[in-house]
1. Residues that are crowded, with 19+ Cβ neighbours inside 10 Å, at least 3 per element: which helices (runs of 4 or more DSSP H) completely within the stretch 1-115 meet that?
2. Would you point out the residue of the stretch 209-221, among those that are part of a helix (DSSP H, G or I) and surrounded by fewer than 17 Cβ atoms within 10 Å (Cβ to Cβ), that is modelled with the lowest pLDDT?
3. Looking at this structure, is Pro71 touching a helix residue (DSSP H, G or I) at 6+ places or on another chain (Cβ under 6 Å) and either modelled with pLDDT of 95 or more or of a type outside the set (A, V, I, L, M) (or both)?
4. Enumerate the pairs (first residue in the stretch 182-193 and crowded, with 23+ Cβ neighbours inside 10 Å; second residue anywhere and of a type in the set (D, E, K, R) and part of a loop (DSSP other than H, G, I, E, B)) with beta-carbon separation below 7 Å, excluding pairs fewer than 6 apart on the same chain, so at least 6 apart or on different chains.
5. With respect to the numbered conditions (1) of a type in the set (A, V, I, L, M, F, W, C); (2) surrounded by fewer than 21 Cβ atoms within 10 Å (Cβ to Cβ); (3) at pLDDT below 90, which one is the sole condition not fulfilled by Val155?
6. Would you check if there is a residue in the stretch 228-245 being more than 30 Å from Arg202 (Cβ to Cβ), at pLDDT below 85 and in contact with a helix residue (DSSP H, G or I) (Cβ under 9 Å, 6 or more places away or on another chain)?
Amino acid sequence: MITAENLTKRFGAQTAVDGISFTARPGQVTGFLGPNGAGKSTTMRMIMGLDRPTAGTTTVNGRPFAEHADPMRQAGALLDAKAVHPGRTAEAHLRMLAATNGIPRRRIGEVLELTGLESVARRRIGGFSLGMHQRLGIAATMLGDPQVLIFDEPVNGLDPEGVHWVRGFARARAAEGRTVFISSHLMSEMSQTADHIIVLGRGRVLADAPLADFLSAARRDVTRVRVSDPAALASLLADDGVTVTQTPAGALEVQGVPAYRIARVAADGGLDLNELTPVAASLEEAYLALTGDATEYRSDAAAVAA
């Protein structure tokens, strides 16, 4: 388990993390989201004892991480996949970590197999692809078989197969009862991976909720409709404040009128109604709506459109 209580970090006059509190629990993947500059990486560094909080506390399995006598058996963290010596082989890198943390050498083969790196174990890391670097970093996090796993942007730059692998790995570790804490900017990926969402903006917690509750709170009031004559229904619904959009799949998405009213209009018009389904907001839509005022660097929409 990871906890933060009134956690604050200042760099001179700048407050990077501003009194945040949260808990990442065992048995679930917690997605840690926020715009660039929101304080995510600083928070993760404080969890791992790499930055000292200005105020507040953070613990891993009930104690500050630096106070654990067996740190790699408590938590594994991948904060920078490239932070390894390029001249070492993958096996030598893991052997060094195991030796300095009292971990049996047999564990090296186990984590290489777990991450699919057995065939490149004796290759120098400098020749690794980005995906291989990420897998090696994940192998290192698992050396001590810890109950807490922390990943900062683990799928950035990976191909679809690599993204799929990381997602499956995270879900499998959570299913084993571990705490999995992942920072990412890829909303579509987090929607398939996370059970719980924590969103930071300008160093403060903007949301802390189960994924389903977070999405439910961001309702779009949009209804997907399939009807015998979409054009006729669109014409019947035409009114101020009602938006009707045709989807590529042939359905209509209607916004600005309740579902019961759509059904009544279709019936009065003699149209066969085949589907009437509320459309939930995507994680990306919910995230952008929440963080719109907390984005440090924002593009000019008009300039982008031009």
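The values are calculated or read from the model by the stated rules, or taken from the named source; none is laboratory data. Bear in mind the structure is a predicted one, so any value in this text is a computation, not a measurement. Cβ coordinates were reconstructed from backbone atoms using ideal geometry, including for glycine residues, and neighbour counts include every protein chain displayed.
1. Result: 40-47, 90-100, 106-114.
2. In the first step, residues of the stretch 209-221 are kept if they are part of a helix (DSSP H, G or I); the result is 211-216.
Filter once more, so that each one left must be surrounded by fewer than 17 Cβ atoms within 10 Å (Cβ to Cβ): 212-213, 216.
Working: Ala212: 87, Asp213: 87, Ser216: 77.
Within the stretch 209-221, the match that is modelled with the lowest pLDDT is Ser216.
3. no
4. Every condition considered, the pairs that remain are Ser183/Glu153.
5. The one condition Val155 does not meet is (2).
6. The answer is no, given that none of the residues of the stretch 228-245 is more than 30 Å from Arg202 (Cβ to Cβ), at pLDDT below 85 and in contact with a helix residue (DSSP H, G or I) (Cβ under 9 Å, 6 or more places away or on another chain).
Here's the yes/no breakdown for (1) assigned to a strand (DSSP E or B); (2) buried (at least 17 other Cβ atoms within 10 Å of the Cβ); (3) without any contact (Cβ under 8 Å) to a residue 12 or more places away in the chain:
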{"site": "Ala207", "(1), (2), (3)": "yes, yes, no"}
{"site": "Thr223", "(1), (2), (3)": "yes, yes, no"}
{"site": "Gly250", "(1), (2), (3)": "no, no, no"}
{"site": "Tyr260", "(1), (2), (3)": "no, no, yes"}
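Residues are listed down the side, and each one gets a yes or a no for (1) of a type in the set (S, T, N, Q); (2) touching a residue at least 40 places away in the same chain (Cβ under 8 Å); (3) outside any helix (DSSP H, G or I); (4) surrounded by fewer than 14 Cβ atoms within 10 Å (Cβ to Cβ):
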{"residue": "Leu233", "(1), (2), (3), (4)": "no, no, no, no"}
{"residue": "Gly270", "(1), (2), (3), (4)": "no, no, yes, yes"}
{"residue": "Glu285", "(1), (2), (3), (4)": "no, yes, no, no"}
{"residue": "Leu288", "(1), (2), (3), (4)": "no, no, no, no"}
